Amino acid sequence: MKMTRERTGSMLILASGKPHRVTGVRKSVARRSGRESSAESWSVPGAPYASAVPAPATETRTGLVRRARKIDRVLGETYPDAKCELDFDDPFQLLVVTVLSAQTTDKRVNAVRPTLFAAYPDPKAMAAADRATLEGIIGPLGFFRAKTESLLKLSAALVADHGGQVPANLDDLVKLPGVGRKTANVVLGNAFGIPGITVDTHFGRLARRFGWTEETDPVKAEHAVGALFEKRDWTMLSHHLIWHGRRVCHKQKPACGACTVAKWCPSYGEGPTDPEVAAKLVKTEGRA
Ligand code: SF4
């Protein structure tokens, strides 16, 4: 993402010709840092470290790729145990729990999983489930009527179209009822070992904060970010960003002063930079 230094009010004009609004704290950081008048660096007064982020005007594609991969490496060191936080024993379970995880927490889904799969261990059993009984099991997750409908249709489609097996390719997965690209990539990456980028709300937010893409459309963001990394790294990259988003780089008040990748983040300063204040914002676990 190469930017020109042309500026109209609070707008940067990207090399692509698209305007980019500099807003909120980020704008004030830019002003404090002198970024608007210097193309050398994004140094932020008071930062506990020298910024390694070049000014947008000067970051080349190669520089962007290197910075992106450095961030991923450091996040990998920060979260050596990063993995899918939903429990599962096989592709069918992962598909089901990922569908169930919409609008609720992984912890709640993990809590109902043993009962759910004890009653319905495979697509055939779940497709034949008594609706009221299934609703009762997944009731604690909310939206239980809609989710029950999804599971019944999903299981029936697996039985009818795939011999009761979860297909191991994106095209077939996204044709299943209630399965979108995000869910499909979770299943491919974590149950089949096929690299996939999972653009959830955390991934999209962090990719934009890192300056890797400006896309808000998940599919466009997936392609833009995917082009910065080796395909083999896509699944772990997804875990790294999601873990960091859940624990440190929150939507509201990111814990910038406690962030291990702050040095390479152009959004440093969107949240508190004071280490003591920031430390209090860090969550030690993922989704509660
Ligand atoms: S916490 Fe702050 S410095 Fe760290 S990635 Fe998020 S915005 Fe950037």
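Can Trp234 be described as buried (at least 20 other Cβ atoms within 10 Å of the Cβ), more than 16 Å from the ligand (Cβ to nearest atom) and touching a residue at least 12 places away in the same chain (Cβ under 8 Å)? Considered against the rule, which asks whether it is buried (at least 20 other Cβ atoms within 10 Å of the Cβ), more than 16 Å from the ligand (Cβ to nearest atom) and touching a residue at least 12 places away in the same chain (Cβ under 8 Å), Trp234 comes out as yes. Of everything in region 113-135 that's touching a residue at least 12 places away in the same chain (Cβ under 8 Å) and not in a helix (DSSP H, G or I), which residue is nearest to Val174 (Cα to Cα)? So the residue we want is Asp122. Within region 246-258, the set of residues being crowded, with 22+ Cβ neighbours inside 10 Å and either out of contact with any helix residue (DSSP H, G or I) (no Cβ under 8 Å at 6 or more places or on another chain) or within 21 Å of Ala221 (Cβ to Cβ) (or both) comprises Val248, Cys249, Pro254. The single condition among (1) closer than 30 Å to Ala207 by Cβ; (2) assigned to a helix (DSSP H, G or I); (3) touching a Phe, Trp or Tyr at 6+ places or on another chain (Cβ under 7 Å); (4) among the hydrophobic types (A, V, I, L, M, F, W, C) that Ile138 does not meet is (1). The residues of region 98-112 that are within 20 Å of Pro177 (Cα to Cα), not in a loop (DSSP other than H, G, I, E, B) and not hydroxyl-bearing (Ser, Thr, Tyr), listed by number, are Val99, Leu100, Val109. Pairing each residue of region 180-202 that is in a loop (DSSP other than H, G, I, E, B) with any residue that is of a type in the set (A, V, I, L, M, F, W, C), provided the two are 6+ apart or on different chains, yields C-beta distances under 6 Å for Phe192/Ala168; Ile194/Leu188; Pro195/Trp234; Gly196/Leu188; Gly196/Trp234; Ile197/Trp234; Thr198/Val186; Val199/Ala221. Note on region 238-288: residues that are closer than 26 Å to Ala55 by Cβ, among the basic types (Lys, Arg) and without any contact (Cβ under 8 Å) to a residue 40 or more places away in the chain amount to 1. Would you check if Pro266 is loosely packed, with under 15 Cβ neighbours inside 10 Å and modelled with pLDDT of 95 or more? Taking the combined requirement at face value, the residue does not satisfy it.
Based on this model, can you work out whether Ala119 counts as at pLDDT 95 or above, of a type in the set (A, V, I, L, M, F, W, C), over 19 Å from His239 (Cα atoms) and more than 24 Å from the chain's Cα centre (by Cα)? For Ala119, the condition - at pLDDT 95 or above, of a type in the set (A, V, I, L, M, F, W, C), over 19 Å from His239 (Cα atoms) and more than 24 Å from the chain's Cα centre (by Cα) - is met. Considering Asp130, Asp81, Asp106, the condition of being surrounded by fewer than 16 Cβ atoms within 10 Å (Cβ to Cβ) and under 26 Å from the mean Cα position of the chain (by Cα) is satisfied by Asp81 alone.
For region 153-168, which residues satisfy the criterion of being within 10 Å of Asp122 (Cβ to Cβ) and in contact with an Asp or Glu (Cβ under 8 Å, 6 or more places away or on another chain)? Within region 153-168, Gly164 is the sole residue that qualifies. On the stretch given as region 163-191, residues that are among the polar types (S, T, N, Q) and under 24 Å from Phe144 (Cβ atoms) total 1.
Taking the criterion of being closer than 30 Å to Trp264 by Cβ and not hydroxyl-bearing (Ser, Thr, Tyr), the residues of region 75-122 that qualify are Leu75, Gly76, Glu77, Pro80, Asp81, Ala82, Lys83, Cys84, Glu85, Leu86, Asp106.
Can you find a residue in region 273-284 that is surrounded by 22 or more Cβ atoms within 10 Å (Cβ to Cβ), part of a helix (DSSP H, G or I) and outside the structural domain of Glu149 (by TED's automatic domain parsing)? No.
Screening region 237-272 for residues that are of a type in the set (A, V, I, L, M), assigned to a helix (DSSP H, G or I) and within 12 Å of the ligand (Cβ to nearest atom) and picking the one that is farthest from the chain's Cα centre (by Cα) gives Ala258. The one condition from (1) within 24 Å of Thr104 (Cβ to Cβ); (2) within 13 Å of the ligand (Cβ to nearest atom); (3) buried (at least 22 other Cβ atoms within 10 Å of the Cβ) that Thr198 does not meet is (2).
The values are calculated or read from the model by the stated rules, or taken from the named source; none is laboratory data. Just so it is clear, the model here is predicted, and its values are computed rather than measured. Positions of Cβ are backbone-derived with ideal geometry, glycine not excepted, and every protein chain shown enters the neighbour counts.
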